[in-house]
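Trainee: One structure coming up, written as structure tokens, with questions to follow.
The values are calculated or read from the model by the stated rules, or taken from the named source; none is laboratory data. Nothing here was measured: the structure is a model prediction, and the numbers come from that model. In this analysis, Cβ positions are derived from the backbone assuming ideal geometry, glycine residues included, and neighbour counts consider all displayed protein chains. The protein model used for the area step is the full one, side chains on, heavy atoms only, and it has no ligands, DNA or RNA in it. Shrake-Rupley method; radii C 1.70, N 1.55, O 1.52, S 1.80 Å.
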Amino acid sequence: MSADELLRRLRSHQVPELIFLFGQETYLIQQMVRSVREAVLPVTGDDFNDNQFYGKEATAELILESAMTYPVFAEKRLVTVKDAHQLPAVELDNLIPYLQNPVPQTCLLLIADKIDNRRKFYQQFKKTGALVEFKPLSDREIPRHIRQVLEQRQIQISADGLDLFCLMVDGNLHEVRGELDKLLTYIGTATQIEIKDVEAVVSRGRVESVFELGNAVGRGDVATGLSLLRWL
């Protein structure tokens, strides 16, 4: 299942009983976790129906005990397993019977850095649950993501402003969103971001690296050039 499809299901109140989020783009995973929580636990501070575990410490027995407990004065219970990639293989295997027949009133949410598609657990999860990967956005996808974020706030950005912004920030979405927040604070009530706004606010670290790379290439310093290229 794609992230967009899962988000559509959450917004239409069709919450899957089994959700597994994994990948390297932690910012997008955190955003999706927030969406899952809002869909499953509409009441803030619902501790009765909110169980959280960590893969390094959890056992299948503890997870299943929570997952098979009916919600208290609510429609659903949320059972979250963070760092699920640290669950021992035997514990994953012990969860397989539950994957085949999950409790409808429970959303079992697992979060991991990576998965091993060869394991029977993940093969079963693909059949009965929502297994969603979050890959880092490519340089071509970053501008579209920025425009989407701004459009949600009814704000436009000029083409040259967007080009400069993408040049000045790292592709890491935590940095992108952090710099965007600073930019939005800077423009106040304005609805258009211009290149001068980007120049005034966004860190110049990446741009300086670009110039340093050009200088290194110009003087034939291959070692320095390759080192700088890793950070662009």
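Trainee: Kindly establish whether T44 is open to solvent by 60 Å² or more (accessible area, probe 1.4 Å), among the hydroxyl-bearing types (S, T, Y) and out of contact with any Asp or Glu (no Cβ under 7 Å at 6 or more places or on another chain).
Mentor: yes
Trainee: In the stretch 163-177, what count of residues is obtained for those that are of a type outside the set (G, A, S) and open to solvent by 10 Å² or more (accessible area, probe 1.4 Å)?
Mentor: Total meeting the criteria: 9.
Trainee: Restricting to the stretch 13-41, and then to whatever is of a type in the set (S, T, Y) and under 22 Å from F125 (Cβ atoms), can you tell me which residue is most open to solvent (accessible area, probe 1.4 Å)?
Mentor: Of everything passing the filter in the stretch 13-41, T26 is most open to solvent (accessible area, probe 1.4 Å).
Trainee: Would you point out the residue of the stretch 73-124, among those that are within 18 Å of the chain's Cα centre (by Cα) and either of a type in the set (D, E) or open to solvent by 70 Å² or more (accessible area, probe 1.4 Å) (or both), that is nearest to E25 (Cα to Cα)?
Mentor: Taking the candidates together, the pick is D113.
Trainee: Further question: So for the stretch 133-153 (the condition being more than 30 Å from Y186 (Cβ to Cβ), open to solvent by 20 Å² or more (accessible area, probe 1.4 Å), out of contact with any strand residue (DSSP E or B) (no Cβ under 9 Å at 6 or more places or on another chain) and basic (K, R)), does at least one residue qualify?
Mentor: Within the stretch 133-153, none of the residues are more than 30 Å from Y186 (Cβ to Cβ), open to solvent by 20 Å² or more (accessible area, probe 1.4 Å), out of contact with any strand residue (DSSP E or B) (no Cβ under 9 Å at 6 or more places or on another chain) and basic (K, R).
Trainee: Looking at the stretch 1-110, what strands (runs of 3 or more DSSP E) fall wholly within it and have at least 2 residues that are under 17 Å from F134 (Cβ atoms) and of a type in the set (V, I, T)?
Mentor: Of the strands (runs of 3 or more DSSP E) lying wholly inside the stretch 1-110, those with at least 2 residues that are under 17 Å from F134 (Cβ atoms) and of a type in the set (V, I, T) span 77-82.
Trainee: F53: open to solvent by less than 40 Å² (accessible area, probe 1.4 Å), within 22 Å of Q124 (Cα to Cα) and touching a residue at least 60 places away in the same chain (Cβ under 8 Å), yes or no?
Mentor: no
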